[in-house]
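Worksheet: the structure to be examined is printed underneath.
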Amino acid sequence: MNAVAATSRAPVAAPHATHKLKLLLKREFWEHKGGFFWAPIVAGGISLLLTLMAVIVGEITVRRAISDGSFHADGLSKIDGSDVTINGLDLGAITGRLGPEELRNLGHGVDVALSMSAMWPFIVLTFVVFFYCLGALYDDRKDRSVLFWKSLPLSDRDTVLSKVASALVVAPILAVGAALATMLGFLVLISLVVLLHGGNPVTLLWGPGSPLAIAGRFLAAIPVYVLWALPTVGWLLLCSAWARSKPFLWAIMIPLFAAIFVAWFDVMQVFDLDTAWFLKNITGRALLSAVPGSWMSVASIEHLRGPEELQQLMSLKSTYSTLATPQLWIGAVAGVAMILGAIRLRRWRDDN
């Protein structure tokens with residue numbers, strides 16, 4: 001009876017490829033949680049701490065100046081030629097004097113300040129992605145754990161693609177989350193300072209500024225980052241799969257020595273190009289494409305000045321104009337080719 005029941009059971013289906021990829025992504029996250037999750041958060045926290053310290057120092061300095069008489073409470077400042085009584089640090093006196101043009105300029109300044117406050121997690125993202133990719137395939141061979149992972153029903157393709165997805169999707173999403181939390185903390189901190197000096201944060205910060213639009217731009221830039229960073233991720237994974245030791249030196253020195261060779265012998269003149277082209281499009285793309293915003297060098301922007309120019313650099317129109325450039329797609333194809341090379345190398349290289 002039991003034998004008949006056992007034979008009548010439906011065969012267990014093999015796990016779906018997406019299920020394997022999900023498990024591999026979880027593995028990468030838990031093994032590198034410090035870099036993917038905690039590093040951007042700590043960077044944002046340090047940024048907020050430094051901002052708080054700067055506010056405290058500024059408060060103490062100004063109050064000492066007032067008590068010493070070097071800063072007059074009834075001092076005047078000019079906004080577009082009109083006198084505005086500041087009454088020490090009373091920001092409430094300014095709010096009612098701001099016209100549409102001043103509010104628009106104030107909004108540009110607030111947006112730039114918010115964007116700059118969120119930069120620390122993105123700076124950390126650059127280093128996290130760089131060193132994660134360098135060790136992604138090398139460390140498994142170094143500690144011999146590659147033999148264990150090869151014994152499991154996991155293909156080299158799935159393993160390498162999980163590392164690519166972790167570097168290009170998981171890490172940027174977590175960095176954007178940390179950047180938005182940092183930006184919100186910065187906005188709350190500055191709002192408290194405005195309140196302490198009689199100002200209205202809604203009128204001076206939240207109204208003129210566009211925190212939601214900035215958050216949307218950060219999230220919308222992730223697909224562009226994925227495509228733009230492919231050359232660096234592919235090159236580092238290729239070095240990680242190929243190098244028997246010191247992958248960092250190989251990854252850095254090969255592009256640099258190639259640039260020196262090209263510059264020394266004027267190789268690019270054969271193609272009617274200069275050495276700067278090679279440095280920007282070959283060496284730079286291999287090593288620096290994982291830097292968020294590095295695509296701005298090829299983005300389509302107008303020639304503006306001041307906060308408006310910075311805002312345009314971070315606008316969706318400017319960011320997505322990169323998709324129309326050959327630099328992005330040629331680099332993406334090269335990155336995919338190097339990732340395929342890393343997959344093939346992992347199939348036979350175990351450093352026995």
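Coordinate-derived values only; no laboratory data. None of the values given here were measured: they were computed from a predicted structure. Here the Cβ is made from the backbone with ideal geometry for all residues, glycine too, and neighbour counts use every protein chain on show.
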Give me the number: length gained by fully extending residue 271 to residue 320, i.e. 0.36 nm times residue separation minus the C-alpha to C-alpha distance, one decimal in nm.
14.7 nm
How large is the charge dipole for the range 109-181, taken about the Cα centre, if only the Cβ atoms of Lys, Arg (+1) and Asp, Glu (-1) carry charge, to the nearest 20 debye?
260 debye
Cross-link pairs 26/246; 142/163; 22/142; 20/163; 142/246 - those with Cα-Cα distance over 19 Å:
26/246; 22/142
What's the extension gain from residue 123 to residue 263 if we count 0.36 nm per residue and subtract their Cα-Cα distance?
47.4 nm
Short version: ³J(HN,Hα) in whole Hz for each residue of the range 121-136, in order, from phi by Karplus 6.51 cos²θ - 1.76 cosθ + 1.60 (θ = phi - 60°), x for Gly and Pro, what are they?
x, 6, 5, 5, 4, 4, 5, 4, 5, 4, 6, 5, 5, 4, x, 4
Any idea which of 179, 132, 154 is furthest toward the positive side of the dipole for the range 113-188, if Lys and Arg beta-carbons carry +1 and Asp and Glu beta-carbons -1?
154
Quick one: if the Förster radius is 45 Å, what FRET efficiency do residue 68 and residue 27 give, using the C-beta to C-beta distance and rounding to 0.05?
0.15
Could you work out the Kirkwood radius for the range 182-258, taking every pair of different alpha carbons, averaging 1/r and inverting it, reported in Å?
16.5 Å
